[in-house]
Structures are given as structure tokens and as C-alpha cells.
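Engineer: Pasting in a structure now, in C-alpha cells, and then I'll have a few things to ask.
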Amino acid sequence: MSYQSAKDAFAEWGVDTEAAMEALARIPISVHCWQGDDVVGFEGQSGASGGGIQATGNHPGRARTPDELRADLEFAYSMIPGKHRLNLHAFYMDTEETPDRDEIEYRHFAPWVDWAREQGIGLDFNPTFFAHTKADDNLTLSHPDKGIRDFWIEHGKRSREIAAKMGKELGTAAVNNIWVPDGSKDIPVDRMAARQRLEASLDQMLAPAHDAAHLRDAVESKLFGIGVEAMTVGSHEFYLGYAIRKGTLLCLDMGHFHPTENIADKLSSVALSVDELLLHVSRPMRWDSDHVILLDDAIRGMAQELVFADLLGRTHIGLDFFDATISRTAAWVIGVRNMQKALLEALLMPQARLKEAEAALDFTTRFMLTEELKDMPFSTVWAEFCARNERPCGKRLIDELAGYQTRVADRGR
């Protein structure tokens, strides 16, 4: 089918394909750096556990240096339509120095900012509360030892300073997302004390004021993790309350809830109480297993909720998966493009007509509309969007991804 035919078909439903593509072009996706190197980082910490962070597989081509990671990212961005962002963790510094986490400074990340400026993309940031000897107890900001808490509080403060400087230098606010692995492997007797320590540490960490034009702070919950099966200090309820009281963003990670929970359903609920949201889009095949996202019902439901609840302007969309069983660059490209496809499908739905039927309690019409829409030529509009952005589709995309993987393997990675 030609694009003009698809455009006419959607017009019969009252949908403007040009407006949908224009809206999609304005939505940046924050690409997570840790897919490119299996969450190893570049600081050279040794003897530290991963804090429940595990990548499965050993596919050839893992990035071993910042330059290799940036080269892989440049290729990935060249396969993805639109302008996007990079989500950087604190242990991805680019420096010959060896600062500990409580000693990091902006200069250790300046090469990333220079590169982002050249690429025309924004940066987001994350303090790294795992893969460190002071996190081996799976306790950081809630640790009973004040010295360890102070170490991580200082790391968090410095991370916020770095993120704010990144935002200022690039002219777009950096989202600084806070996730800690803290919890208990077996049943604790004093949950309150741990959560009081976490709250107090967060308060200290977030006390220094930064311009909101440069920095947005987010807090991220988790159901449980490896080694903290009995209790996670930073639960969903903890961080939901904290975000409401303190005015931070709330991060919802699709892998951080019970497998039967519908994360899309949470968006409109929490949006009534927090100003902005951060999404970590993942595919939790078995809970938080962080598979590359598919264009499936979960992703489509998330995208539709963002569009229909008018939350795109209040939501920062990032990805969070790490699969080392396949080409890491291909994983980035497939994941981002699937998120974009889901958003485009939602933007191409006759929203007003669907809402009108629902408001009239005409559930038959609503049902028929949603089913008939499945036959609409969404893929034709997507192909047009890619063509206008000079990005490949179909066999050409597959050939480009395979060719890059071969070139990387030939270089000895």
C-alpha cells in the first residue's frame, strides 16, 4: 500500500497521519548506555558484586571503552528515526583518573558532554549504587553504618551536580534517576528503621538546590531483587509517598512490579499526584529479566495510555534492558523503534471517537472500533516516517544491523 492510500484510509476515521508523525518526531527516547557493555562500566572496580544486576550471554562485540561505546551508540542512533537522548550511569566515567564514587566530578564526564553536543542529543544520568564494595551488603543509603550511608549520600550529591552541569551545558534538563538495591534476603524485624534511614539519606542527598531547567530528580521503586527477596527498602509505596511529598519525579520500571500488574494502568493514577513521570520500558518475561522490548500488548498499552491520558508532555521515556545473547547495537535499535512504533499506533487512533463511545457507555462501539483498528495500515505510516528521517526499514535494516555486527567482530571485540 502507498503512503497516500494509508493516509486516506486513516482520514476516513478522522485521523491525520501528518499530525501523528509530527507528534512522534517530538518524542525523545532516552537510550540506556548499559545495554552496550553488559552493565560493566569503566571505573575498574574489582571485588564488588553486581548488586543484583546481571546480563545474560556473551555475544561478540561488547564495548570495552568509552570510545567503543560511543561508536556503537552513533551507529544505533543512525538506525533510529528522530532525535533522542542517552541515559548514562555514574560508573561510565571517561577519565584516566580513578576516583571513588564519592569523589566523582563533572570533568570525569566532560567527554560525554562534548560528544552529546556533537550528536545533538541530551543526556540523562544515574548515580550508581551497585557494583561497589560498599554495596556488597545490598545496603547503601539505608545501611546501619553511618559511614557507609555518608559515602553514598556524597556520591548522590555529586551525581546531581554532574547531571545539573550536563543539563546546563546541553540546554536540556538531565533526569537524574535514583535507584538503590537496598533490602533484606530474609525476613527483617525492623523495616521502619531501614526506611527511616533511607528517607533521611535521600533528604540529605536532595537538599542542595539546582535549577529545574538543568536537573530533574527521579526516584525508582522495585518489588524485590536478587539477594533482597524478603524486603526491598525502596518499595513502590515508599517512593510514591516520597515523590508526592518531596516533589520529585516518580520512575515506573515495567520490570519492577509483579508480572501480572498492568503498569500502563498506574500512569493515570500516579499522574494525579505527581507532576512528572519517568518510565523505564522493559520486558519482564520472568519478573525483572530485562528482555529487549517487543511491539506487544504491554508496550502498546503503555503508549496508548500516554497518548490518551495526555501524559506525553509530563513523561520522560527511557529504556532499561540488557541482553548479551544478541547483538547489543541491534537490541538498542529494535527496542527504541518498537517504542516509537507503539507511540505512532496510539497517535493514529481516533481518540475522540473512542472516548465519546466510552463516555456514552456504548461499549459495543468501543469494542468494535478497537478491533477494526487492528487492520489499519500502521506499518505504511511507520515506513513513511522512517523514509522522511532517512532511516532504513525491513530487509535493509536487517542488513545494516548484521553488517555492523560483522565489522565490530572483525575488529576483535
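The values are calculated or read from the model by the stated rules, or taken from the named source; none is laboratory data. In this text the structure is predicted, and so the values were computed from the model without any measurement. Here the Cβ is made from the backbone with ideal geometry for all residues, glycine too, and neighbour counts use every protein chain on show.
Engineer: Test residue 269 against the stated conditions and say whether it is of a type in the set (Ser, Thr, Tyr), assigned to a loop (DSSP other than H, G, I, E, B) and surrounded by fewer than 17 Cβ atoms within 10 Å (Cβ to Cβ).
Structural biologist: no
Engineer: Let me ask something additional. So, in region 212-261, how many residues would count as being assigned to a loop (DSSP other than H, G, I, E, B) and either touching a residue at least 24 places away in the same chain (Cβ under 8 Å) or touching a helix residue (DSSP H, G or I) at 6+ places or on another chain (Cβ under 8 Å) (or both)?
Structural biologist: 21
Engineer: Report the residue count in region 192-213 for those that are surrounded by fewer than 19 Cβ atoms within 10 Å (Cβ to Cβ) and either of a type in the set (S, T, N, Q) or modelled with pLDDT under 95 (or both).
Structural biologist: The total comes to 2.
Engineer: Answer yes or no: is there a residue in region 49-71 that is among the aliphatic types (A, V, I, L, M), in contact (Cβ under 8 Å) with a residue 40 or more places away in the chain and assigned to a helix (DSSP H, G or I).
Structural biologist: Among the residues of region 49-71, not one is among the aliphatic types (A, V, I, L, M), in contact (Cβ under 8 Å) with a residue 40 or more places away in the chain and assigned to a helix (DSSP H, G or I), which makes the answer no.
Engineer: Which residue is nearest to residue 353 (Cα to Cα), if the candidates are limited to region 399-413 and must be of a type in the set (A, V, I, L, M) and surrounded by 13 or more Cβ atoms within 10 Å (Cβ to Cβ)?
Structural biologist: 401
Engineer: Would you pick out the residues in region 20-45 that are in a helix (DSSP H, G or I) and under 15 Å from residue 82 (Cα atoms)?
Structural biologist: 20, 21, 22, 23, 24, 25
Engineer: Quick check on region 254-265. Is at least one of its residues among the β-branched types (Val, Ile, Thr) and over 17 Å from residue 346 (Cα atoms)?
Structural biologist: Yes, region 254-265 has at least one match.
Engineer: Of the residues 200, 193, 264, 209, only one is of a type outside the set (D, E, K, R), within 27 Å of residue 164 (Cα to Cα) and in a helix (DSSP H, G or I); which?
Structural biologist: 200
Engineer: May I pose another question? Six or more apart or on different chains, Cβ under 8 Å: which pairs go from a residue in region 385-413 that's under 10 Å from residue 60 (Cβ atoms) to one that's part of a helix (DSSP H, G or I)? Could you list them?
Structural biologist: 405/329; 405/330; 408/72; 408/329; 413/68
Engineer: Could you list, in sequence order, the residues of region 353-398 that are surrounded by fewer than 13 Cβ atoms within 10 Å (Cβ to Cβ), basic (Lys, Arg) and farther than 19 Å from residue 330 by Cβ?
Structural biologist: 355, 374, 388
Engineer: Out of everything in region 99-154 that is aromatic (Phe, Trp, Tyr) and more than 25 Å from residue 182 (Cα to Cα), what residue ends up being surrounded by the most Cβ atoms within 10 Å (Cβ to Cβ)?
Structural biologist: The residue in question is 109.
Engineer: Read through the list (1) among the hydrophobic types (A, V, I, L, M, F, W, C); (2) touching a strand residue (DSSP E or B) at 6+ places or on another chain (Cβ under 9 Å); (3) assigned to a helix (DSSP H, G or I), then give the number of the only condition that residue 152 fails.
Structural biologist: If we test residue 152 against (1) among the hydrophobic types (A, V, I, L, M, F, W, C); (2) touching a strand residue (DSSP E or B) at 6+ places or on another chain (Cβ under 9 Å); (3) assigned to a helix (DSSP H, G or I), just (2) comes out false.
Engineer: May I ask you to list the residues in region 79-98 that are in contact (Cβ under 8 Å) with a residue 24 or more places away in the chain and either of a type in the set (Ser, Thr, Tyr) or part of a loop (DSSP other than H, G, I, E, B) (or both)?
Structural biologist: 79, 80, 81, 82, 83, 84, 92, 93, 94, 98
Engineer: Of the numbered conditions (1) under 17 Å from residue 392 (Cβ atoms); (2) part of a loop (DSSP other than H, G, I, E, B), residue 75 fails exactly one; give the number of that condition.
Structural biologist: (2)
Engineer: I need the full set of residues from region 278-307 which are surrounded by fewer than 23 Cβ atoms within 10 Å (Cβ to Cβ) and either among the hydroxyl-bearing types (Ser, Thr, Tyr) or touching a helix residue (DSSP H, G or I) at 6+ places or on another chain (Cβ under 6 Å) (or both), in order please.
Structural biologist: 289, 292, 295, 300, 301, 304, 305, 307 - these are the residues of region 278-307 that are surrounded by fewer than 23 Cβ atoms within 10 Å (Cβ to Cβ) and either among the hydroxyl-bearing types (Ser, Thr, Tyr) or touching a helix residue (DSSP H, G or I) at 6+ places or on another chain (Cβ under 6 Å) (or both).
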